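What follows is a single structure, written as C-alpha cells, with notes after it.
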Amino acid sequence: MLAVVARIVWAAHRIHSFLSIISTDSATSVWFPNRATEMSVNEMFSGIQGFLSADQDVREDIRKVVQGLEQTAREILTVLQSVHQASGFKDIPSKCQRGRELFCTVRSHLGDLKTKFPAEQYYRFHEHWRFVLQRLAFLAAFVVYLESETLVTREEVTQILGIEVNREKGFHLDIEDYLSGVLTMASELSRLAVNSVTAGDYSRPLRISNFINELDSGFRLLNLKNDPLRKRYDGLKYDVKKIEEVVYDLSIRGLAREPGSGGEE
C-alpha cells in the first residue's frame, strides 16, 4: 500500500514539474511560434523574391540579345531567298557572300549572349534562343550547300556562328538544334528544285534529288526519340517525294540531264 502511494506522489510531482517548465517564457518560444519565427519566414521569402527578380533580369537581358539575333536571321533569310527568283540563280555567289557578311553580326550577338548567364546554366535558358539557333543553323547549312552543294557539318556551323561544339566548353550548338536546321534546309531545297525548273536550270533538281536522298539515308541511321525532331524528320519524306516528282516530270519531257552528262536542252 505504501508503494502505491509513493508512486502516486512521484507521478504528481512529475506532472507539476512539466507544467512548470512549459509555463516559462523559454518553453513558450519552443512550443508556440512567436514574432521572431514569423520574421524569419518573411526574410526567407524576401530572399526568394530577390532571386526571382534577379532571374527575371537575366531573362530580360537574354531576350533583348535574342531579338537582335532574330532580326539578323531575317536579314540573312531575305538575302538567300532571292535565289529562288529567276535572276537569283545567276547571282548565287554574291548572295552567299552577303550572307556570310551578315553572319559576322550574328557572331557579335552570340558573343554578347554568352555573357548574360553562367555557362553551366545553358539548358536553363535554352528555350529563349533554341528557335533562332535552329534558324541560324539552317541558314548556315543553306549557304554552304549553295556554295558547294555539300552538307555542312556541325563543326562548320559552329565556326560560322562563332560558338562551341562541345557543351563542356560553354555556349554550344546542341546536336538536335543542328539536325533541325538541316531538316529545314531540306524543305528549302525542295522549293529550290521547283524554282530552278522555272528558271530553266534543269540539272539542278537532279543534283538536289541525289543530295536529299543521301540525307534521308543518313537520317534513317538515327534512332530519333525526341518528339519535335522526330516530327520534323517525318516531313523529310514529303520533301523527297516533291523532288522526285520534279525529276520525273523532267524525265518524261526529256529535259533531265545527269550531272556531267552534257548540256541542257
For this session: Six or more apart or on different chains, Cβ under 8 Å: which pairs go from a residue in segment 129-158 that's farther than 21 Å from residue 95 by Cα to one that's part of a helix (DSSP H, G or I) and of a type in the set (Ser, Thr, Tyr)? Could you list them?
Result: 154/178
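Working carefully through the options 190, 209, 196, 180, find the one that is assigned to a helix (DSSP H, G or I), under 18 Å from the mean Cα position of the chain (by Cα) and touching a residue at least 24 places away in the same chain (Cβ under 8 Å).
On the way: 190 fails: under 18 Å from the mean Cα position of the chain (by Cα); 209 fails: under 18 Å from the mean Cα position of the chain (by Cα); 196 fails: under 18 Å from the mean Cα position of the chain (by Cα).
The match here is 180.
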For this session: Please give the number of the condition residue 160 fails out of (1) in contact with a Lys or Arg (Cβ under 6 Å, 6 or more places away or on another chain); (2) hydrophobic (A, V, I, L, M, F, W, C); (3) open to solvent by 10 Å² or more (accessible area, probe 1.4 Å).
Result: (1)
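Conditions tested, residue by residue: (1) surrounded by fewer than 21 Cβ atoms within 10 Å (Cβ to Cβ); (2) under 30 Å from residue 122 (Cβ atoms).
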residue: 174; (1), (2): yes, yes
residue: 182; (1), (2): no, yes
residue: 196; (1), (2): no, no
residue: 201; (1), (2): yes, no
residue: 210; (1), (2): yes, no
residue: 214; (1), (2): yes, no
residue: 217; (1), (2): yes, no
residue: 222; (1), (2): yes, yes
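Considering only residues of segment 107-128 that are free of Cβ contacts under 8 Å to residues at least 60 places away in the same chain and of a type in the set (A, V, I, L, M, F, W, C), which is most open to solvent (accessible area, probe 1.4 Å)?
119
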Exercise. Which helices (runs of 4 or more DSSP H) does segment 69-162 wholly contain that include 2 or more residues that are aromatic (Phe, Trp, Tyr) and within 15 Å of residue 189 (Cα to Cα)?
Worked result: 126-148
For this session: Kindly provide the set of residues from segment 92-106 that are closer than 23 Å to residue 130 by Cβ, open to solvent by less than 30 Å² (accessible area, probe 1.4 Å) and of a type in the set (A, V, I, L, M, F, W, C), ordered by number.
Result: 102, 103, 106
Problem set entry | Among (1) open to solvent by 50 Å² or more (accessible area, probe 1.4 Å); (2) at pLDDT below 95 - the single one residue 89 does not satisfy | (1)
For this session: Out of the residues in segment 60-77 that are open to solvent by 30 Å² or more (accessible area, probe 1.4 Å) and either over 14 Å from residue 103 (Cβ atoms) or among the acidic types (Asp, Glu) (or both), state the one that is farthest from the chain's Cα centre (by Cα).
Result: 75
Exercise. Does residue 217 qualify as being over 19 Å from the mean Cα position of the chain (by Cα) and more than 25 Å from residue 92 (Cβ to Cβ)?
Worked result: yes
For this session: Return only the number of the condition from (1) farther than 30 Å from residue 106 by Cα; (2) modelled with pLDDT of 75 or more that residue 58 does not satisfy.
Result: (1)
Exercise. Failed condition for residue 164, given (1) of a type in the set (D, E, K, R); (2) over 25 Å from residue 103 (Cα atoms); (3) within 17 Å of the chain's Cα centre (by Cα), with all others met?
Worked result: (2)
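Can you name every residue in segment 138-157 that is aliphatic (A, V, I, L, M) and either more than 18 Å from residue 78 (Cβ to Cβ) or in contact with a Leu (Cβ under 6 Å, 6 or more places away or on another chain) (or both)? Can you show your working first?
Restricting attention to segment 138-157, the residues satisfying the condition of being aliphatic (A, V, I, L, M) are 139-141, 143-144, 146, 151-152, 157.
Result: 144, 151, 152, 157.
The values are calculated or read from the model by the stated rules, or taken from the named source; none is laboratory data. Just so you know, these numbers come straight off a predicted model, no measurement behind them. Here Cβ is always computed from backbone atoms with ideal geometry, including for glycine, and neighbour counts include all displayed protein chains. All accessible areas refer to the heavy atoms of the entire protein, side chains included, with ligands and DNA or RNA removed. Shrake-Rupley method; radii C 1.70, N 1.55, O 1.52, S 1.80 Å.
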